[in-house]
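Below is one structure, written out as structure tokens, with a few remarks after it.
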Amino acid sequence: MLKLVVADEVRAAVEAGRPVVALESTLIAHGLPRPRNLEVAADLETLLRDRGVTPATIAMIDGAPTIGLDAIELTRIANTPNVAKLSVRDLPVASALGRTGATTVASTSLLAARAGISVFATGGLGGVHRGWADSADESADLVTLAGTPITVVCAGVKSILDVGATLERLETLGVPLLGWRTSTFPGFYLSRTEFVVDWRVDAAADVATVMADARALGLRAAVVVANPVPEADQLDQELHDRVLDEALTQAARRGLRGKAVTPFLLATFHRETAGASLETNIAVVRNNVTVAADIAVAWSAHPTGPDQTSPDQT
Amino acid sequence: MLKLVVADEVRAAVEAGRPVVALESTLIAHGLPRPRNLEVAADLETLLRDRGVTPATIAMIDGAPTIGLDAIELTRIANTPNVAKLSVRDLPVASALGRTGATTVASTSLLAARAGISVFATGGLGGVHRGWADSADESADLVTLAGTPITVVCAGVKSILDVGATLERLETLGVPLLGWRTSTFPGFYLSRTEFVVDWRVDAAADVATVMADARALGLRAAVVVANPVPEADQLDQELHDRVLDEALTQAARRGLRGKAVTPFLLATFHRETAGASLETNIAVVRNNVTVAADIAVAWSAHPTGPDQTSPDQT
Amino acid sequence: MLKLVVADEVRAAVEAGRPVVALESTLIAHGLPRPRNLEVAADLETLLRDRGVTPATIAMIDGAPTIGLDAIELTRIANTPNVAKLSVRDLPVASALGRTGATTVASTSLLAARAGISVFATGGLGGVHRGWADSADESADLVTLAGTPITVVCAGVKSILDVGATLERLETLGVPLLGWRTSTFPGFYLSRTEFVVDWRVDAAADVATVMADARALGLRAAVVVANPVPEADQLDQELHDRVLDEALTQAARRGLRGKAVTPFLLATFHRETAGASLETNIAVVRNNVTVAADIAVAWSAHPTGPDQTSPDQT
Ligand SMILES: [Mn+2]
Ligand SMILES: [Mn+2]
Ligand SMILES: [Mn+2]
């Protein structure tokens, strides 16, 4: 029968109530080019360790949901071409069939919560796709976050998505949204969007209290912390807007629809910004990891934090 | 750590299985003008007490989710300008930050259920907004009701919303809908809409049995009781339709979109009907409170009613 | 108080961990013409018994949710004109009011799961309706499946629905989808659609392991097994496309909207294919029942199968 494989180091930290931050593997497998992806994966773990936080990179390895990849497993996820991308609904199938795959925001959140981890750093959430009223295309991330008690630090959602509709869905689904030292929703590659965030928090201890209070209220939803990339690291606004416009125009001209749109937009976007979007993407994730570390430390110190919480058993 | 603050009177009634009806505070803070709002709030509580039912008006007071406001707290919610409006996802944040705010249908339902209260009277539910296929704007009330075991007495949804789409969502989300002595869905300001309700109930005891059977089936959804305002109290149909049309036309002409639409429609609606829509709004809520009182009494007397039910712990 | 009425034979099989397959009654009451419907209902039960599987046809009988109809109850569901069609949200109301009705995919799934049954054979799932961005019309089947741990064997969804949007919703809602010996999503009357299924399974034992692993992960979602009708039994493709086109054109010409569209499309479809669509419909269901039987047998034999699982109590 399926069992979570939790690395000794992660298990020990969770059991002792020490700070742990989960990391996803889709970024490594699909979000960054080789060999940069493996370097970044190692770097993110180092960023956490330097802050006294245990990293737990998550993936499915030969049918085992693995919380805390070792160096060999990390290398395998980073270097295997076309490794599967597994959302929550794919986990039991990949497990049953003994497959290996990278986990998304949704499945990383779920596995982390099941292992008793309360904080997760990623780049951007999945969301509602442009043209959703035609395609009904909406990432499983949102519904999963509505039912998974974990704090996710992100830089918003990529601008190839329908950002406004994504924010509406988070509201409809009852997912708490905090702006990290901002009242403006960040735009992944850009520090700001036109959208407002209702709640601004400035201290990690406040996020920990939100987490504790959400649990005390019996809420199952995640807490999303929206953390803007520093302005110094953001993509040039004009370049961003021009490339996005071009990509959308070309997709329309080619008559692309449904699942064909997103990969085309991302590929065009990355190509046309040359290396700039890649560097911003890495800055985004590094920045989220450091905020997640602070929150995990605050949660560990919180009077109703991890010591009082058992691993999530549905 | 967050604890529900439950008024002694409410706690005693819940523990003894005596009838209790929850009331929301957004109506008081945002739905009615001062000083009428405080008069109505007091009047609704009196209506309940006269029927042997304990009222429990709910709000967030200085970070404490409070079930059963006292006179000072009620006055504060009624008289503070721009008091926050808190849906479910805002509760843990407002609590963590020590804020005060009014609770919506969603958050009032959740807090009432957590405190062991099974019946809630409001005016109208939130719903799906007109233009939702463009904006994705849908109130968190619907998803919350899909997962919160409480009976909500309302007069439908306001006609500035997409009533048909709201009914479809309630069906999709599996929320039971009962017509109170009607087979026609009511229209908040009007006693009737063009929409049919599949199940008509005529007796409060039947609603109590539906509540008991829903729990026995392990359903988590609320039961929505749609209670038409008496025809004598409804807004003049022609006035309603004309003012609604004008408001929609003006909103389109001004190019309003997303969150800007609803406040504009409501303000126009209220201004153009002079005081008439306010009087109907009050009649709607009073009428719902009396039906909720009957249901709470029937639930209290039901063999599988509150004595057999413990407060909802997720 | 409401209690599930479980036939002795079904209860004994569930308690002993022997294979059981649930069957729905909407097919009998509304999907097939009399007297063919009763013949098919009996035939499906025989198909299961011949494979050593206990059938459990489910309906609401005089307010009692009944798992395993006897001959008299089956006849009543088959022969009563205009018997009610009950989705999940209708169950507590029909129960409270003592009504009789047929259960849909959603309500059959829920009642089966509550009775400890893990496999269910139907024809097609409900789904997202064409024109949903106008009407918001989406079957409650999808949301129910997202929260009900049961394996549903179907032949996809009827082509009068928006098949692509339905697949997107299953993905968004996190419902695992397996292609039974196919990587192409089946089209109910046709063996194939243009849509891909990400996971193909070829052995019933693999489905049983997926079921076990989903439970071990604490997932509440159903597992949908998409099983194409054999090509020999499918409707002629050209006939299918022509009749569907005509039906859609006529519906548009008549200005039909919302709930009026589906019955019109189905009626037109059935009339214009003469008996052919009926014969295919029966072949679809028979074919699903035999696959469900294999899965139930494999689940019964699985090391973490029914012996280790108690009836679903929410
Ligand atoms: Mn998608
Ligand atoms: Mn909204
Ligand atoms: Mn429908």
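Before moving on, here are some points about what is shown:
- For the condition part of a helix (DSSP H, G or I) and more than 7 Å from every other protein chain (Cβ to nearest Cβ), C:T193 does not qualify.
For (1) under 19 Å from the mean Cα position of the chain (by Cα); (2) within 11 Å of chain A (Cβ to nearest Cβ), each residue gets a yes or a no:
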{"residue": "B:L69", "(1), (2)": "yes, no"}
{"residue": "B:E73", "(1), (2)": "no, no"}
{"residue": "B:A78", "(1), (2)": "yes, no"}
{"residue": "B:A96", "(1), (2)": "no, yes"}
{"residue": "B:A112", "(1), (2)": "yes, no"}
{"residue": "B:A115", "(1), (2)": "yes, no"}
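- Where a residue in the range B:167-180 is over 17 Å from C:G126 (Cβ atoms) and away from ligand 2 (no atom under 16 Å from the Cβ) and its partner, wherever it lies, is assigned to a strand (DSSP E or B) and among the aromatic types (F, W, Y), with Cβ under 9 Å and at least six apart: B:P176/B:W199; B:L177/B:W199; B:L178/B:W199; B:G179/B:W199
- Taking the range B:98-110 as the range and being surrounded by fewer than 24 Cβ atoms within 10 Å (Cβ to Cβ) and away from chain A (no Cβ under 14 Å) as the test, only B:T100 passes.
- Some residue of the range C:227-236 being assigned to a helix (DSSP H, G or I), touching a Ser or Thr at 6+ places or on another chain (Cβ under 7 Å) and within 14 Å of chain A (Cβ to nearest Cβ): no
- C:R215 vs. criteria under 30 Å from A:G116 (Cβ atoms) and out of contact with any helix residue (DSSP H, G or I) (no Cβ under 8 Å at 6 or more places or on another chain): yes
- Residue check, B:T166 polar (S, T, N, Q), within 23 Å of A:R220 (Cβ to Cβ) and more than 16 Å from ligand 1 (Cβ to nearest atom): no
- Residue among B:V284, B:V225, B:V229, B:V297 that is within 20 Å of the chain's Cα centre (by Cα) and surrounded by fewer than 22 Cβ atoms within 10 Å (Cβ to Cβ): B:V297
- Scanning the range C:30-78 for residues that are over 19 Å from C:V119 (Cα atoms), small (G, A, S) and surrounded by fewer than 16 Cβ atoms within 10 Å (Cβ to Cβ) gives a single hit, C:A71.
- Of the residues making up the range C:200-216, just one is buried (at least 20 other Cβ atoms within 10 Å of the Cβ) and not in a helix (DSSP H, G or I), namely C:V201.
- Identity of the residue in the range B:147-162, closer than 17 Å to B:V207 by Cα and not small (G, A, S), that ends up surrounded by the fewest Cβ atoms within 10 Å (Cβ to Cβ): B:P149
- Test: residue in the range B:136-148 that is within 11 Å of chain C (Cβ to nearest Cβ), touching a residue at least 40 places away in the same chain (Cβ under 8 Å), small (G, A, S) and more than 18 Å from B:A251 (Cβ to Cβ): yes
- The range C:139-157, residues that are within 12 Å of C:R169 (Cα to Cα), away from ligand 1 (no atom under 16 Å from the Cβ) and not β-branched (V, I, T): C:S139, C:A140, C:D141, C:L145
- Residue count, the range C:257-281 (criterion: assigned to a loop (DSSP other than H, G, I, E, B) and either more than 14 Å from chain B (Cβ to nearest Cβ) or crowded, with 21+ Cβ neighbours inside 10 Å (or both)): 3
- Residues in the range B:218-259 that are modelled with pLDDT under 95 and touching a helix residue (DSSP H, G or I) at 6+ places or on another chain (Cβ under 6 Å) were compared, and the one that is nearest to ligand 3 (Cβ to nearest atom) is B:G258.
- Criterion violated by C:L219 - all others in (1) surrounded by fewer than 20 Cβ atoms within 10 Å (Cβ to Cβ); (2) assigned to a loop (DSSP other than H, G, I, E, B) satisfied: (1)
- Being more than 30 Å from A:A13 (Cα to Cα), of a type in the set (D, E, K, R) and surrounded by fewer than 24 Cβ atoms within 10 Å (Cβ to Cβ) holds for only one residue in A:R114, A:R130, and it is A:R130.
- Note on the range B:91-116: residues that are within 23 Å of A:E168 (Cβ to Cβ) and either among the aliphatic types (A, V, I, L, M) or touching a Ser or Thr at 6+ places or on another chain (Cβ under 7 Å) (or both) total 11.
- Within this structure, C:P92 fails the test of being modelled with pLDDT of 95 or more and under 25 Å from C:I295 (Cβ atoms).
- Selected residue (criterion: surrounded by the fewest Cβ atoms within 10 Å (Cβ to Cβ)) from residues of the range A:170-190 that are in a helix (DSSP H, G or I) and facing another protein chain (nearest Cβ under 7 Å): A:E171
The values are calculated or read from the model by the stated rules, or taken from the named source; none is laboratory data. Model, not experiment: these values are computed from the prediction. Here the Cβ is made from the backbone with ideal geometry for all residues, glycine too, and neighbour counts use every protein chain on show.
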